[in-house]
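S.K.: Sharing a structure below in structure tokens format, with a few things to ask.
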Amino acid sequence: MLEVVERVLDFILPRFCPLCGKRVRFWSIVCDNCLNAFEGPLTGTFSVYQPLDGTYHFWWYEDVVEKAVKLYKYADRFSLAKVLAVWLDRTMRYYSLHNLPVTFVPTTPNAFKERGFDTMKRVSEKLERIGYAVVETLTARDVPSQAALSRRERLRNVRGKYRTLSETWLPPELVIIDDVYTTGATLEECARVLKSQGVKHVIGVTVARVKKDQISKKTM
Ligand SMILES: [Zn+2]
């Protein structure tokens, strides 16, 4: 029965993969080729900057991963939140982080006004649906744009950008998720704030990581 419904819907409202344009089944958000384009997570060793206790990434910020992030954030493709959640889930399972509580880097008020939604909160909600314990811990204020800033400048720029929500219960150990890791300044600042409020262990997990030689070209 469901198959018949699907075929009818497919016929009336054909759907296409937003990442490659290929026709997809009615219920699918992206095609299987794009969803599985990369065998993430990245397993290379990256230097970890305190106060973070580790950083893990699904894939480099390139190809369909970059496209998915950009369409989700800047082109109102809300359904892609689920795809980003799938990639984050694969990463957390691979590194056995899936039983830890998850929090997210909050969207700034200006970005919220532009996009109309909190980028990573929506992704967190998708993770919650597949069994993750999500805690909202941080709030952000607007600071000047990070684009074209060096790592050191970014660290200075984000200082004071985040603070913990009042009356939020903070677990001793947390995974904090974000879409793109560029220099790490954002995650480090979030970890600093969380630790100043008593969290002992903070691990950053992002959908993508910008390659070192592309940092200046791909900053957002
Ligand atoms: Zn596709």
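Bear in mind these aren't lab numbers, they're just calculated from the coordinates by the rules spelled out. Owing to the predicted nature of the structure, the values given are computational and were not obtained by experimental measurement. Please note: Cβ atoms are built from the backbone with ideal geometry, for glycine as well, and neighbour counts cover all protein chains shown.
S.K.: So for Phe16, Phe117, fewest C-beta neighbours within 10 Å to most, what's the order?
M.R.: By the 10 Å Cβ count, ascending, the order reads Phe16, Phe117.
S.K.: 222 nm [θ] for the chain, helices only, -39500 (n - 2.57) per DSSP H run of 4+, per residue, to 500?
M.R.: The per-residue figure over the chain is -11000 deg cm²/dmol.
S.K.: If the elastic network links every pair of Cα atoms under 10 Å, which of Ile12, Ile203, Ile130 fluctuates the most in the Gaussian network model of the chain?
M.R.: Among Ile12, Ile203, Ile130, the largest mean-square fluctuation in the Gaussian network model of the chain belongs to Ile12.
S.K.: What number of lysine-lysine pairs in the stretch 37-218 show an alpha-carbon separation below 19 angstrom, given a sequence spacing of 8 or more or placement on distinct chains?
M.R.: So the count of such lysine pairs works out to 24.
S.K.: Got the relative contact order for the stretch 23-159 handy, in percent, Cα pairs under 8 Å and 6 or more residues apart?
M.R.: Relative contact order here is 19 percent.
S.K.: Oh, and also: Taking only C-alpha pairs under 8 Å that are 6+ residues apart, what is the relative contact order of the stretch 82-214 in percent?
M.R.: 27 percent
S.K.: Can you work out the Karplus-derived ³J(HN,Hα) for every residue in the stretch 81-95? Use 6.51 cos²θ - 1.76 cosθ + 1.60 with θ = phi - 60°, whole Hz, and x for glycine or proline.
M.R.: Whole-Hz 3J(HN,Hα) from phi for the stretch 81-95: 3, 5, 5, 4, 5, 4, 5, 5, 4, 4, 5, 5, 5, 4, 9.
S.K.: Order these by the 10 Å Cβ neighbour count, fewest first: Asp118, Asp63.
M.R.: Least to most surrounded, the residues fall as Asp63, Asp118.
S.K.: Treat the count of other C-beta atoms within 10 Å as a stand-in for reagent exposure and order Thr107, Thr139 from fewest to most.
M.R.: So the ranking, lowest neighbour count to highest, is Thr139, Thr107.
S.K.: Let me ask another. If you restrict to DSSP beta bridges whose two residues both lie in the chain, what percentage is antiparallel, to the nearest 5?
M.R.: Counting DSSP beta bridges with both partners in the chain, the antiparallel share is about 25 percent.
S.K.: Turning to a different aspect of this structure: List the relative contact order of the stretch 33-92 as a percent without decimals, with contacts defined as Cα pairs under 8 Å and 6+ residues apart.
M.R.: After rounding, I find 37 percent.
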